[in-house]
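Q: Have a look at the structure that comes next, please.
Readers should treat all values here as calculations from the given coordinates under stated rules, not as data from a laboratory. This one's a predicted model, so the numbers in the text were calculated from it and none came from an experiment. All Cβ positions, even for glycine, are placed from backbone atoms using ideal geometry, and neighbour counts span all protein chains on display.
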Amino acid sequence: MGGVISGDSPRHTSPASKLEKKMVEAMQQRALKGTSVKSLNSVIMKFPKIDESLRKCRTIFQQFDEDSNGEIDQLELKHCFQNLGIESTDQEIKDLFQACDIYENMGMKFNEFIVFLCLVYLLDDPAVSEVRKRMGLGSLEPTFETLVESFVFLDKNKDGYVSKSEMIQAINETIGGERSSGRIGMKRFEEMDWDKNGTVTFKEFLFAFTHWVGINNEEDEDEEE
Ligand SMILES: [Ca+2]
Ligand SMILES: [Ca+2]
Ligand SMILES: [Ca+2]
């Protein structure tokens, strides 16, 4: 396959929220800086460390989840921001939620929260960087950087989305022409493409990632009632 990816027009069917658009733009910007990731294997090597860091996020999550129901709702996020002394409008909170809440539930579950944190990391916005500082994301930043760089590695044409052919290309580069690699690539891609629109956003990528590193909401939560 050559480098031309022409029959690959992305179909972004679902209307993106303002924040999601911002995130795609942020990824496009970030992609211009390049990536130190050379292969999927090198990302896979980092899984244990990523796993460990993402578990630290659970502690933060629990602090936000005032009623401990396993979800952070808009009011809880607002309270949290208030406690941190961050001014936020209801609309901003709503946008943050829409950007992360893949299932369009009332609350953000843990894996959606990771998407949220990564968004906070990625967005170069004065208000957001204030959130970042106050939430003490410092130790998590290398993990988010790895995740961002992995996405940039996959997004060959740097448009902020990973298409099917880009995914297969990355897999082929890594495994070096094993016959099954294309099929594995497709399977991985389908796992990531939650809304089945043919492209994977950074949000979808992160969401899938929390599964791959073994974080699972339902299994980790002991029902206490
Ligand atoms: Ca809650
Ligand atoms: Ca792309
Ligand atoms: Ca998608």
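Q: Taking the Cβ of each residue in 143, 89 as the centre, tally the other Cβ atoms inside 10 Å and list the residues starting with the fewest.
A: Values: 143 23, 89 9.
Least to most surrounded, the residues fall as 89, 143.
Q: Oh, and also: Amide H of residue 193 versus every other amide H placed in the peptide plane: which residues, excluding those fewer than 5 positions away on the same chain, fall under 5 Å?
A: none
Q: Sequence gap at least 6, Cα distance under 8 Å: using those rules, report the relative contact order of segment 18-213 to the nearest whole percent. Please report the intermediate quantities before stating the final value.
A: Values: 214 pairs, mean separation 56.5, N = 196.
Relative contact order for segment 18-213 comes out at 29 percent.
Q: OK, next. At what distance in nm do the modelled label points of residue 186 and residue 145 sit from each other, each positioned 7 Å from its Cα along Cα→Cβ?
A: 3.8
Q: Between residue 55 and residue 196, what length comes free when the chain is fully extended (0.36 nm per residue of separation minus the Cα-Cα distance, one decimal in nm)? Display every interim value, and only then the final one.
A: On the way: separation 141, 0.36 × 141 = 50.76 nm, distance 2.80 nm.
Extra length available between residue 55 and residue 196 comes to 48.0 nm.
Q: Still on this structure, please answer the following. What ³J(HN,Hα) values, in whole Hz, does the Karplus curve 6.51 cos²θ - 1.76 cosθ + 1.60 give for segment 51-68 when θ = phi - 60°, with x put for Gly and Pro?
A: In residue order, the calculated couplings are 4, 4, 5, 5, 5, 4, 4, 4, 4, 4, 4, 5, 5, 6, 7, 4, 9, 6 Hz.
Q: Continuing with the same structure: 5 Å is the cut-off here: which amide hydrogens, built 1.01 Å from N in the peptide plane, fall below it relative to residue 108, excluding neighbours closer than 5 in sequence?
A: Long-range HN contacts for residue 108: 72, 73.
Q: Next up: Dipole size in debye (nearest 20) for segment 18-213 around its Cα centre, Lys and Arg Cβ +1, Asp and Glu Cβ -1?
A: Here the size comes out at about 860 debye.
Q: Determine, from the Cβ-Cβ distance of residue 172 and residue 211 and an R0 of 25 Å, the FRET efficiency 1/(1 + (r/R0)^6), rounded to the nearest 0.05.
A: Efficiency computed from Cβ-Cβ geometry: 0.65.
Q: Would you mind computing, in nm to one decimal, how far apart the modelled labels at residue 75 and residue 25 are, each placed 7 Å from Cα along Cα→Cβ?
A: 3.3
Q: Quickly work out the residue 63-to-residue 91 label distance, labels modelled 7 Å from Cα along the C-beta direction, and quote it in nm with one decimal.
A: Here the answer is 3.0 nm between the modelled labels.
Q: Something else now. Which pairs break 20 Å Cα to Cα here: 78/109; 21/203; 38/158; 21/196?
A: Long pairs (Cα-Cα over 20 Å): none in the table.
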